[in-house]
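The values are calculated or read from the model by the stated rules, or taken from the named source; none is laboratory data. Being a predicted model, the structure only gives us computed values, none of them experimental. Don't worry about glycine lacking a Cβ; one is built from the backbone with ideal geometry, like all the others, and counts go over all protein chains shown. Each accessible area value is taken on the protein alone, full model and side chains, heavy atoms only, with ligands, DNA and RNA left out. Shrake-Rupley method; radii C 1.70, N 1.55, O 1.52, S 1.80 Å.
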Amino acid sequence: MRDQDRSDLAVELEDVCVRYGEIEALHDATLRIPRGVSVAVIGPNGSGKSTLLGVLSGLVTVECGMVRVLGEPLPPRRGRVAHVLQDTSVRPEVPMTVAETVRLGTYAELGLLRRPTARTRERIREAVERLAIGDLLDRQLPELSGGQRQRVLIAQGLVQDADVLLLDEPVAGLDVTSQRIILDVIEAERDRGRTVITTTHDIGSAARADLVVLVATDVIAFGTPDEVLTPEHLSRAFGGHLHMLPDGTLVLDDPAHHGAPAAPAAASLDHGHHDHEHHAYDHA
Ligand code: ADP
Ligand code: MG
């Protein structure tokens with residue numbers, strides 16, 4: 001591939017594999033993600049979604065294959081990739097306020113001791129406003145609801161002003177208002193030319209992204225939502241967790257909870273419709 005073509009890519013993976021001891025978390029993953037798109041990484045629990053984000057931010061070591069982020073080999077240069085970890089993995093021992101948590105996002109650039117510039121302060125102000133957390137600034141993180149805490153973590157990601165934004169399960173299990181705020185921010189960042197890569201196990205949210213990566217240790221499919229979210233691909237990735245209702249709607253029983261009863265959760269195909277209430281998948 002020519003270097004010039006390469007510079008148009010946000011992410012390039014070739015035959016990447018990752019192991020944790022005996023467990024193979026990613027196998028021969030090959031992907032080319034252009035800049036300025038939103039991407040949903042979807043797959044069942046344990047399919048390698050968080051691992052893939054970790055590869056892109058340099059958090060996870062790859063065993064084989066080639067990775068480039070923004071045209072350069074790993075690890076990404078400081079400030080180019082912001083990685084917002086899954087909320088459940090963020091359990092601060094030291095109590096921190098919301099304001100301190102958001103400001104932490106600027107330290108990679110500033111160092112702990114330097115005073116923020118006017119531009120940095122403006123970025124913080126803007127992120128706080130976009131995530132609607134202005135009235136929470138003095139609160140301690142553990143006091144917040146899940147939705148509030150997730151908005152704070154995303155604000156911390158935004159102030160990093162990175163070209164590539166990685167969000168691990170940013171709306172899973174959140175209240176509708178927080179989901180709406182976060183999904184709007186994702187689209188707005190994409191509209192600003194950022195590459196936003198999110199993980200999800202919800203087919204409806206994946207359908208709203210520009211591109212979808214379906215993973216189950218292997219990359220099962222990669223392309224537009226229409227190309228990727230087909231019954232064939234989904235049943236390969238999700239196996240028995242995928243069900244088709246008599247009206248053609250595809251639903252997953254909750255893949256995040258193994259051993260859950262067969263009652264379908266509200267995760268289903270929502271082809272191109274930006275309407276959270278309708279999950280009908282038109283089979284035509
Ligand atoms: P997902 O985000 O899709 O749920 P992960 O990327 O977290 O999946 O995990 C993929 C596989 O790797 C799973 O089998 C998981 O148990 C395993 N795994 C993930 N992180 C570690 C780790 N730090 N040590 C050992 N195994 C891990
Ligand atoms: Mg995960």
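So is Val18 within 11 Å of ligand 1 (Cβ to nearest atom) and without any contact (Cβ under 8 Å) to a residue 60 or more places away in the chain or not?
Values: within 11 Å of ligand 1 (Cβ to nearest atom): yes; without any contact (Cβ under 8 Å) to a residue 60 or more places away in the chain: yes.
Yes, satisfied.
So which residues in region 171-206 are open to solvent by 10 Å² or more (accessible area, probe 1.4 Å) and within 16 Å of ligand 1 (Cβ to nearest atom)?
Of everything in region 171-206, those that are open to solvent by 10 Å² or more (accessible area, probe 1.4 Å) and within 16 Å of ligand 1 (Cβ to nearest atom) turn out to be Val171, Ala172, Gly173, Thr198, Thr200, His201, Asp202, Ser205.
Cβ contacts < 6 Å: first residue touching a residue at least 24 places away in the same chain (Cβ under 8 Å) and within 16 Å of ligand 2 (Cβ to nearest atom), restricted to region 216-234; second residue open to solvent by 50 Å² or more (accessible area, probe 1.4 Å) and not aliphatic (A, V, I, L, M), any location; separation 6+ or different chain. Result?
Thr217/His27
Within region 120-138, is even one residue assigned to a helix (DSSP H, G or I), among the hydroxyl-bearing types (Ser, Thr, Tyr) and open to solvent by 40 Å² or more (accessible area, probe 1.4 Å)? Reasoning before the result, please.
Looking only at region 120-138, we keep the residues that are assigned to a helix (DSSP H, G or I), and these are 120-130, 134-136.
Retained after the next criterion (residues that are among the hydroxyl-bearing types (Ser, Thr, Tyr)): 120.
Those still in the list that are open to solvent by 40 Å² or more (accessible area, probe 1.4 Å) too: none.
No.
Is it fair to say Ala209 is within 22 Å of Phe238 (Cα to Cα) and surrounded by fewer than 22 Cβ atoms within 10 Å (Cβ to Cβ)? Steps first, answer last, please.
Working: within 22 Å of Phe238 (Cα to Cα): yes; surrounded by fewer than 22 Cβ atoms within 10 Å (Cβ to Cβ): no.
So Ala209 fails the test.
Assess whether Ala40 counts as being under 15 Å from the mean Cα position of the chain (by Cα) and within 16 Å of ligand 1 (Cβ to nearest atom).
Here the answer is yes, as Ala40 does meet what is asked.
Tell me, which residue of region 1-31 that is open to solvent by 80 Å² or more (accessible area, probe 1.4 Å) and within 14 Å of Glu72 (Cα to Cα) is modelled with the highest pLDDT?
The qualifying residue modelled with the highest pLDDT is Asp8.
Only one residue in Leu56, Leu52 is at pLDDT 95 or above, open to solvent by less than 70 Å² (accessible area, probe 1.4 Å), within 10 Å of ligand 1 (Cβ to nearest atom) and not acidic (Asp, Glu). Which one? Quick ask: steps written out before the conclusion?
Working: Leu56 fails: within 10 Å of ligand 1 (Cβ to nearest atom).
None of the other options fit; the residue is Leu52.
Condition first: over 20 Å from Arg35 (Cβ atoms), part of a loop (DSSP other than H, G, I, E, B) and in contact with a Gly (Cβ under 9 Å, 6 or more places away or on another chain). Now tell me which residues in region 200-218 satisfy that.
Within region 200-218, His201, Thr217 qualify.
Residues in region 123-143 that are without any contact (Cβ under 8 Å) to a residue 40 or more places away in the chain and among the hydrophobic types (A, V, I, L, M, F, W, C): how many? Spell out how you get there, then give the answer.
So the first thing to find is which residues in region 123-143 are without any contact (Cβ under 8 Å) to a residue 40 or more places away in the chain, and the list is 123-129, 133-136, 143.
Okay, now just the ones that are also among the hydrophobic types (A, V, I, L, M, F, W, C), so 124, 127-128, 133, 136.
So the answer is 5.
When you scan region 43-67, how many residues do you find that are without any contact (Cβ under 8 Å) to a residue 60 or more places away in the chain and within 9 Å of ligand 2 (Cβ to nearest atom)? Before you say what the answer is, go through the steps one by one.
Start the filter on region 43-67 by keeping residues that are without any contact (Cβ under 8 Å) to a residue 60 or more places away in the chain, which leaves 46, 51, 54-55, 58-67.
Right, trim to within 9 Å of ligand 2 (Cβ to nearest atom) and you get 46, 51.
The qualifying residues number 2.
Out of (1) of a type outside the set (S, T, N, Q); (2) surrounded by fewer than 19 Cβ atoms within 10 Å (Cβ to Cβ); (3) not in a helix (DSSP H, G or I), what's the single condition that is false for Phe222?
(2)
Look at Pro34 and say whether it is more than 15 Å from ligand 1 (Cβ to nearest atom), surrounded by fewer than 18 Cβ atoms within 10 Å (Cβ to Cβ) and more than 29 Å from Phe238 (Cβ to Cβ). Walk me through it before giving the result.
Details: more than 15 Å from ligand 1 (Cβ to nearest atom): yes; surrounded by fewer than 18 Cβ atoms within 10 Å (Cβ to Cβ): yes; more than 29 Å from Phe238 (Cβ to Cβ): no.
Against the criterion (more than 15 Å from ligand 1 (Cβ to nearest atom), surrounded by fewer than 18 Cβ atoms within 10 Å (Cβ to Cβ) and more than 29 Å from Phe238 (Cβ to Cβ)), Pro34 does not qualify.
For region 89-97, state whether one or more residues are open to solvent by 70 Å² or more (accessible area, probe 1.4 Å), under 20 Å from Ile182 (Cβ atoms), modelled with pLDDT under 90 and part of a helix (DSSP H, G or I).
yes
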